[in-house]
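Working notes, structure below.
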Amino acid sequence: MPIELRIHGDNIIECERALSLITDSFSATAHRFDASPVYLPRYAIKQNQRTLFLIELFSGHGRWNFDVAQVLQSYGAPLREATDAVVTRILPDGHSEEIVVAFEFCSALPAGNNAWQRNGRALACASVGVPYLFFAEVGGVELGAGRRIKAPRFPNPIVPFSYLTTEQAFQVVCLPVYAASPSSAEAIRLRFTPAFGIEDGRRLVKSILENARIAEPHSRLMQKALTLVEILAGQRQSVNTLRGEQWNDFLKNQTANQKANWLSQNQMAWARKQTGKVAATKTARTLPQLFQESECISIGAKDIPICLVLGEKRSVLATRLRELYGHALAHEFFDWVDRSHLPLIVVWITGFKPRGDDSRPDRGLVPLARMLFGNDAEILSVVSGPAKPAMWQTWRDAPKQLARQNGLWEAIINLSDAVLTDSATDQQGAFARVLERTRAHSTEPIRFASASATNVFSEHDVDCALHVLFTHQRARGIFESICNPPGGDWSGLSILNFESGEEYRWTSLPRVSGTAGKRPDHVIQFAPQENQTVLLAIESKNRAMDLERGVGIRLKRYTRQLVKSPPTIARAANAEWQLLKTRAHPVGDLTVISGGAFCWNDRAEFEMAFKRNQLDIAFAFEFKSPEQASLLHIRANASARWVLPVIQNLVGNFRSRLEIQIH
């Protein structure tokens, strides 16, 4: 009997990435059941004629009478973090599921503070024994003015290294798996080849799903991750991280004390960068210098906003903090700092943008520190950004409530042993609190009552339906240029030459164009006639009223503006991506039409959306229960009416599970 699996994903694209990963891991093929609901696709994974797995794709976390983040927290995870895709197995009782493995997929440039943005997800899984694999790219290029290539961007080596220390601390698979970025230059690919591990990642996934021995692929991936760290450190122009064998030597230390003692023998100076971009109090500006005078040291990468105070230096630090803050902070906090039996890890968090909203990448900083030094380390978080005044009051009065309400504060409060806040927007001044931190580490299987089909539909279902409708249709002259549902990264838009199989791709898509355009959620390429290219740019929403007035015009502006510039990369049929070295434009004339997609409410709203938003074509999905056929309402103006019979033909792929009504 085939094994029944489910993929719970952040969106349909992450679900399909996980599906492809599983399929490739078994050298198998995926076959969609034509009779599955358009919003809940089901697949059979077949190897030759044998069905290995039956897999359902549940897109959108928290929508299927199941929330993976809440389940992980119920087993002891410190954070409400859900990964891009979680694979579960249906248990023999048929009414419950068990988590098997979790995946993260990242195509964004992993540089600056974006590099550690996802560390909380890794830690949430590792802390409760869930195997976690982070599939990422290296060597991607940043684009400047006129979409000209500036330079490749790389993560700080301490970030991939933190996955290795997490494995060590929690005794669970927690590894990065790197591949070449499609926009990486040939020289960079050659340099990083020893660190690329996609094939080993697939072998490890296969072993995990088969519940077989993982030793060989696991060991190879660990070595490749360490090799990547060494390459990243070695190519840095200044010696501001550990180098070469130092990383391997550091990894041999297991406890926070051992790591601190080793770093003290290989120490580098640490200094806090002062950007001046946000307002700060006089004491907050003085604080980094105070720590430097207390001989704090680098944790292995001195330009990361994390430093280390050795145990024997904590008493000196406590004295200087008393001198700086006096009676403004509680004696309990100073006494805690004065404890000298453990090293102190200090995490510096701006945390908030000038207007007071969260800086999302900063929520990964304390998880990064915890992943590097383990559960036995003591962490002090220093928060100085301009949060809104009401938030500071909640921090004083109800920290647990604040942690439940805000993901950044959850990471700070649940993973720190003490927190010092000193912000220009806190009218009551600096404040510090020593926390009672849970050190739970669960290894029992994570099981829960099976998810069930939703009857509350949203943008996720619209995006899923559009994707399933248009993807894998090259034989019909249709190509999905981009699909970016909620939680996606707009990593690129492609145009295909149907005759030659060449594909051209625009990477690192701008948020808006220079002509007040609107970045589309979907772009579908059609070839209605020979040598003719039409791009359908679609904005998807939950409801028709959520579409911005006149969005159809802005969608077309953005798309036209983007494809006027030369693509960044290209690949021949069945070949690797290559940077385009010429500024010549390989794509000829094309036409852009606009579309809006949303859940059906009624005819009046549908007609209003079509006219008010100046769309060339409108899609409204009337979703029904899994046993019933969903209905696609569609209307087009004269410029897009030729698309209607094409879509009618595609709807036939769903064996009466999707019907169409043309208005």
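The values are calculated or read from the model by the stated rules, or taken from the named source; none is laboratory data. No experiment lies behind these values; they were computed from the predicted model shown. Glycine gets a Cβ as well: all are built from the backbone with ideal geometry, and neighbour counts include every protein chain shown.
The rows are residues; the columns are (1) touching a residue at least 12 places away in the same chain (Cβ under 8 Å); (2) touching a Lys or Arg at 6+ places or on another chain (Cβ under 9 Å); (3) surrounded by 24 or more Cβ atoms within 10 Å (Cβ to Cβ); (4) farther than 30 Å from Thr443 by Cβ.
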site	(1), (2), (3), (4)
Glu97	yes, yes, no, no
Ser107	yes, no, no, yes
Gly129	yes, no, no, no
Ile149	yes, no, no, yes
Exactly one of (1) assigned to a strand (DSSP E or B); (2) touching a residue at least 40 places away in the same chain (Cβ under 8 Å) is unmet by Lys46. Its number?
(2)
Could you list, in sequence order, all residues of segment 508-540 that are modelled with pLDDT under 90, under 16 Å from Cys483 (Cα atoms) and hydrophobic (A, V, I, L, M, F, W, C)?
Leu509
Return a yes/no flag: does segment 635-651 have any residue that is part of a helix (DSSP H, G or I), farther than 19 Å from Val551 by Cα and out of contact with any strand residue (DSSP E or B) (no Cβ under 9 Å at 6 or more places or on another chain).
yes
If you check Thr443, Thr394, which single one turns out to be among the hydroxyl-bearing types (Ser, Thr, Tyr) and at pLDDT below 95?
Thr443
For segment 318-338, does any single residue satisfy the condition of being under 20 Å from Leu79 (Cα atoms) and in the same structural domain as Ser416 (by TED's automatic domain parsing)?
no
Being surrounded by fewer than 18 Cβ atoms within 10 Å (Cβ to Cβ) and modelled with pLDDT of 95 or more narrows Arg243, Arg285, Arg220, Arg213 down to just Arg220
Looking at (1) touching a Phe, Trp or Tyr at 6+ places or on another chain (Cβ under 8 Å); (2) at positive phi, which one does His472 not meet, given that it meets all the others?
(1)
Mind listing whichever residues of segment 22-42 are more than 18 Å from Phe457 (Cβ to Cβ) and buried (at least 23 other Cβ atoms within 10 Å of the Cβ)?
Ile22
Evaluation of Lys624 against (1) assigned to a loop (DSSP other than H, G, I, E, B); (2) under 24 Å from Met545 (Cα atoms); (3) in contact (Cβ under 8 Å) with a residue 40 or more places away in the chain (one fails), failing number:
(3)
Answer from Ala136, Ala126 - the residue that is more than 18 Å from Leu232 (Cβ to Cβ) and among the small types (Gly, Ala, Ser):
Ala126
Residue hits (segment 28-66; basic (Lys, Arg) and under 17 Å from Ala451 (Cα atoms)) are Arg42, Arg63
Looking only at segment 443-461, filter to residues that are more than 26 Å from Glu539 (Cβ to Cβ) and among the charged types (D, E, K, R); which one of those is nearest to the chain's Cα centre (by Cα)?
Arg447
Number of positions in segment 405-450 that are over 15 Å from Phe352 (Cβ atoms) and without any contact (Cβ under 8 Å) to a residue 12 or more places away in the chain
1
For segment 562-602, the count of residues that are hydroxyl-bearing (Ser, Thr, Tyr), surrounded by fewer than 20 Cβ atoms within 10 Å (Cβ to Cβ) and not in a loop (DSSP other than H, G, I, E, B) equals 1
Before we move on, is Thr507 touching a residue at least 60 places away in the same chain (Cβ under 8 Å), β-branched (Val, Ile, Thr), within 30 Å of Pro92 (Cα to Cα) and in contact with a Leu (Cβ under 9 Å, 6 or more places away or on another chain)?
no
Does Ala430 fit the bill of being touching a strand residue (DSSP E or B) at 6+ places or on another chain (Cβ under 9 Å) and not assigned by TED's automatic domain parsing to the domain that holds Ala620?
yes
So Ala328, is it closer than 30 Å to Asn114 by Cβ, of a type in the set (A, V, I, L, M) and at pLDDT below 95
no
Here is a list: Ile379, Ile349. Which entry is touching an Asp or Glu at 6+ places or on another chain (Cβ under 7 Å) and either over 18 Å from Pro78 (Cα atoms) or of a type in the set (Phe, Trp, Tyr) (or both)?
Ile349
How many residues does segment 303-336 hold that are under 35 Å from the mean Cα position of the chain (by Cα) and either among the β-branched types (Val, Ile, Thr) or over 18 Å from Gly374 (Cβ atoms) (or both)?
5
So, in segment 288-341, of the ones that are more than 24 Å from Thr241 (Cβ to Cβ), touching a strand residue (DSSP E or B) at 6+ places or on another chain (Cβ under 6 Å) and hydrophobic (A, V, I, L, M, F, W, C), which residue ends up surrounded by the most Cβ atoms within 10 Å (Cβ to Cβ)?
Leu317
Matching option when the condition is touching a His at 6+ places or on another chain (Cβ under 8 Å), within 29 Å of Gly492 (Cα to Cα) and buried (at least 22 other Cβ atoms within 10 Å of the Cβ), among Gly120, Gly60:
Gly60
Can you tell me which residue within segment 430-450, out of those that are out of contact with any Ser or Thr (no Cβ under 8 Å at 6 or more places or on another chain) and surrounded by fewer than 20 Cβ atoms within 10 Å (Cβ to Cβ), is nearest to Asp521 (Cα to Cα)?
Pro445
From the option list Ser481, Ser416, Ser500, Ser423, single residue qualifying as surrounded by 23 or more Cβ atoms within 10 Å (Cβ to Cβ) and over 28 Å from the mean Cα position of the chain (by Cα) is Ser423
